[in-house]
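Enquirer: I am attaching a structure below and will ask some questions about it afterwards.
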Amino acid sequence: MISHYNFAYLDEQTKRMIRRAILKGVAVPGYQVPFASREMPMPYGWGTGGVQVSAACLTPGDTLKVIDQGADDTTNAVSIRKFFERTAGVAVTERTAEASIIQTRHRIPEVPLTEDQILVYQVPMPEPLRFLEPRESETRKMHALEEYGLMHVKLYEDIARHGEIATAYNYPVKVEDRYVMSPSPIPKFDNPKLESPALQLFGAGREQRIYALPPHTKAVSLDFEDYPFDPSRADHPCALCGATDSYLDEVITDDAGGRMFVCSDTDYCAGRRGEDAA
Amino acid sequence: MTPLLEVRNLSKFYGARIGCADVSFNLYPGEVLGIVGESGSGKSTLLNCLAGHQPPDTGEVIFDTRVEGPRDTVRMSEPERRMLGRTDWAFVHQNPRDGLRMRISAGGNVGERLMAVGARHYGQIRDAAEDWLTRVEIDTGRMDDRPSAFSGGMQQRLQIARNLVTGPRLVFMDEPTGGLDVSVQARLLDLLRGLVRRMGLSAVIVTHDLAVVRLLADRLMVMKDGHVVETGLTDQVLDDPQHAYTQLLVSSVLQV
């Protein structure tokens, strides 16, 4: 750990400001709380929002896990894990069950989370209505007045064009029958897992917003009565561990059309193979 | 009989300049009111104030709501006014691009108001959209095309369908036939007249085209420099104009 930095990189006043935003977010589930996002030593889009939320939540006794698209060993995950190892000196792990804080990019771990864990999401675009309504003043008003008809227009367009709701990630949810929220670009397979015993925090650094799902909060994926929500999954078992209940990545293996489906959650896959071997 | 819309002493100023001043009128159910005048006479300002798009500086706009009876829409809360805007009111813009979502299919455009008031059954929304496209004479085969692929006349008819799908009682129209060629205009007017009569709609139509009001409007209001200079039955005003400006307006129409 480098002693020139304050614990977890950010100064205490900044962490205090972020914790205030988090508390407000927890008090109003699904509501996007503005916060004064800081410059972080990494580019926007690499998880500056998630890193700030993690920094504000970390204590010296925490164990941190970082996921990038389900994997623990990709650039984004390794960089952020190293960052907190150096600036906070906290213990790190790749095992979901052992972590107390998990920062994630675009996945929810397969292993069910517990009440003792915090899941921190990196959010590129917190506003679910953005691509339907470009004006921020107008989207805020729509949230305030609960005017969410437009969200269904998007789903209608999906069905009209593709015969089904083709939105496969970043699938909007309605939180506690009030706010429509973007769950960050997680696959819609993960949407049912949003109703979780763990505290879930969402940080968008570039857009300067924090929002939250407190434990056991209702999060309903939007749909039509005659086209219900379907958390789809590739119709294969994992080629490595044989799991039939996990979210799969399709991996191209050669130039001749060879491909395999493997668990996107590397820790889950490795854990299952370890058990099989034993 | 209670008027559907009662406007009392409505004024709107842009700084020291007058938008519209001291306008009062009653609109009864099933009645179509035309507002004519030259560019800059305050027609559009008045319409925007009536429809709640702009806050007027003084005056009252009392609308006979379904549930609570006459209410002043200027002083009602914004959620209530916006709710009216997508249920009992409709607004047809001069440029269909202002009133349509150009990146969303025709069906989605018509269905938006239904979804905004809580429709959540895809099949039913689609049926309603299909029904309305037929009523405004758009081929239902074009339902999944975007409005950008439509001609100007079709876009305008689509905008009308999108507005009328929730069965409003009051329609605001801002130059509904502007920018269309005369044969398309004639078809659109024919369609509008049929819809207004069949659905028993009340409408406020702003236009500078006297032929439009002659065909659609029961009563006429002539505006100049933000003031109403003459009101009366359409035929009466057009055939026997009293005010100097109205006389000028009527005599300026080109005869073919």
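Any read-out appearing in this document is the output of simple, stated calculations on the displayed coordinates, not a laboratory observation. Keep in mind the model is a prediction, meaning the values are calculated, not measured. So basically every Cβ, Gly included, is an ideal-geometry build from the backbone, and we count neighbours across all protein chains shown.
Enquirer: Run through the range B:12-85 and list the trypsin sites (Lys or Arg not before Pro) located in a DSSP loop whose Cβ has at most 11 other Cβ atoms within 10 Å.
Expert: Working: sites: B:Lys12, B:Arg17, B:Lys43, B:Arg66, B:Arg71, B:Arg75, B:Arg81, B:Arg82; in loops: B:Arg66, B:Arg75.
Answer by residue number: B:Arg66, B:Arg75.
Enquirer: Taking Rh as the Kirkwood radius, which is the inverse of the mean 1/r over Cα pairs, what is the Rg/Rh value for the range A:28-75? Walk me through the numbers before you get to the answer.
Expert: Values: Rg = 12.8 Å, Rh = 12.9 Å.
Ratio value, two decimals: 0.99.
Enquirer: Viscosity 0.692 mPa s, temperature 37 °C: Stokes-Einstein D of the range B:114-246 from its Kirkwood Cα radius, in µm² per second? All intermediate terms of the calculation are to be shown ahead of the outcome.
Expert: Working: Rh = 16.6 Å.
In µm²/s, the coefficient rounds to 198.
Enquirer: May I pose another question? Please find the FRET efficiency linking B:Glu60 to A:Arg178, where r is the Cβ-Cβ separation and R0 is fixed at 35 Å, and quote it to the nearest 0.05.
Expert: Numbers: r = 34 Å, r/R0 = 0.96.
The pair B:Glu60/A:Arg178 has a calculated efficiency of 0.55.
Enquirer: Could you compute the net charge surrounding B:Pro70? Neighbours are other residues with a C-beta less than 14 Å from the C-beta of B:Pro70; K and R count +1, D and E count -1. Could you put the intermediate results ahead of the total?
Expert: Details: positive: B:Arg8, B:Arg66, B:Arg71, B:Arg75, B:Arg169; negative: B:Glu6, B:Glu60, B:Asp64, B:Glu68, B:Asp72, B:Glu80, B:Asp88.
Net charge in that neighbourhood comes out at -2.
Enquirer: Using every pair of alpha-carbon atoms in chain B, split the distances into 10 Å bins beginning at 0 and state the percent of pairs per bin, rounded to integers.
Expert: Going from the shortest bin to the longest, the percentages are 7, 30, 35, 21, 6, 0.
Enquirer: Just to be sure I understand: with springs between alpha-carbon atoms less than 10 Å apart, which residue in A:Pro128, A:Pro237, A:Pro214 has the highest mean-square fluctuation in the Gaussian network model of chain A?
Expert: A:Pro237
Enquirer: Please give the helix B:182-199 orientation as an angle from the longest Cα principal axis of chain B, in degrees from 0 to 90, rounded to the nearest 10.
Expert: 80 degrees
Enquirer: Taking only the C-alpha atoms, wrap a convex hull around the range A:1-117 and report its volume per residue in Å³ as a whole number.
Expert: For the range A:1-117, the hull spanned by Cα atoms encloses 112 Å³ per residue.
Enquirer: How many angstrom lie between the Cα centre of the range B:101-170 and the Cα centre of the range B:202-256?
Expert: Computed from Cα coordinates, the inter-centre distance equals 32 Å.
Enquirer: Using Cα-Cα distances under 8 Å and only pairs 6 or more residues apart, what relative contact order does the range A:233-278 have, in percent? All intermediate terms of the calculation are to be shown ahead of the outcome.
Expert: Details: 59 pairs, mean separation 16.4, N = 46.
Here the relative contact order equals 36 percent.
Enquirer: Using only the Cα atoms, what convex hull volume per residue in Å³ does the range B:17-155 have?
Expert: Convex hull volume per residue, Cα atoms: 153 Å³.
Enquirer: Per residue, what volume in Å³ does the convex hull of the Cα atoms of the range A:233-278 enclose?
Expert: So the per-residue hull volume is 67 Å³.
Enquirer: If you average 1/r over every pair of different alpha-carbon atoms in the range A:138-217 and take one over that average, what Kirkwood value in Å do you get?
Expert: 14.0 Å
Enquirer: While we're looking at this one, here's another question. Once every DSSP H run of n ≥ 4 in chain B is given -39500 (n - 2.57) and the sum is divided by its residues, what mean residue ellipticity at 222 nm do you get, rounded to the nearest 500 deg cm²/dmol?
Expert: Details: 10 runs with 98 residues, N = 256.
Only helices count here, giving -11000 deg cm²/dmol.
Enquirer: Calculate how large, on average over all directions, the projected area of the Cα convex hull of the protein assembly as shown is; give the answer in nm² to one decimal.
Expert: Details: hull surface 128.0 nm².
Result: a mean projected hull area of 32.0 nm².
Enquirer: Shifting gears a bit: Helix B:152-164 sits at what angle to the longest principal axis of chain B, using alpha carbons and giving 0 to 90 degrees rounded to 10?
Expert: Its long axis makes an angle of about 90 degrees.
Enquirer: Once you place label points 7 Å from the Cα toward the Cβ at A:Met260 and B:Asn9, how far apart are they in nm?
Expert: 8.3 nm
Enquirer: Right, something else. Quick one: putting +1 on the C-beta of Lys and Arg, -1 on the C-beta of Asp and Glu, what dipole do you get for the range A:233-278 around its Cα centre, in Debye to the nearest 20?
Expert: Working: 4 positive and 10 negative charges, 18 e Å.
In debye, rounded to 20, the range A:233-278 gives about 80.
Enquirer: Separate question: Is it possible to state the helix-based mean residue ellipticity at 222 nm for chain A, with each DSSP H run of 4+ residues giving -39500 (n - 2.57), the sum divided by total residues, to the nearest 500 deg cm²/dmol? What is it? Don't skip to the end; give the middle numbers.
Expert: Details: 6 runs with 74 residues, N = 278.
My calculation for chain A gives -8500 deg cm²/dmol from helical runs alone.
Enquirer: Something else about it: Let me check I've understood the local charge: for B:Val250, count other residues with C-beta under 10 angstrom from its C-beta, Lys and Arg +1, Asp and Glu -1. What total comes out?
Expert: Details: positive: none; negative: B:Asp239, B:Asp240.
Net local charge, B:Val250 excluded: -2.
Enquirer: Let me ask another. Simple spin-label model, 7 Å along Cα-to-Cβ: A:Ser137 to B:Asp22 in nm?
Expert: 3.2 nm
Enquirer: Beyond 15 Å, how much of the Cα-Cα pair distribution for the range B:1-59 remains, as a whole percent? Kindly include the intermediate steps, with their values, before the conclusion.
Expert: Working: 854 of 1711 pairs.
Within the range B:1-59, distances greater than 15 Å cover 50 percent of Cα pairs.
Enquirer: Obtain the nm distance between the two label points defined at B:Arg197 and A:Tyr169 by a simple spin-label model: each point lies 7 Å from its Cα along the Cα-to-C-beta direction.
Expert: 5.7 nm
Enquirer: Right, another one. Above 17 angstrom, tally the Cα pairs of the range B:43-115 and express them as a % of all pairs, no decimals. Before the final figure, lay out each step's value.
Expert: On the way: 1347 of 2628 pairs.
I get 51 percent for the Cα pairs in the range B:43-115 exceeding 17 Å.
Enquirer: If you take every residue apart from A:Asp226 with its C-beta less than 15 Å away from the C-beta of A:Asp226, what net charge results, scoring Lys and Arg +1 and Asp and Glu -1?
Expert: On the way: positive: B:Arg120, B:Arg126; negative: A:Asp158, A:Glu164, A:Asp223, A:Glu225, A:Asp230, B:Asp127.
After counting each charged neighbour, the total is -4.
Enquirer: What is the set of long-range amide H partners of A:Leu199 at a cut-off below 5 Å, with H atoms built 1.01 Å from backbone N?
Expert: A:Gln117, A:Leu119
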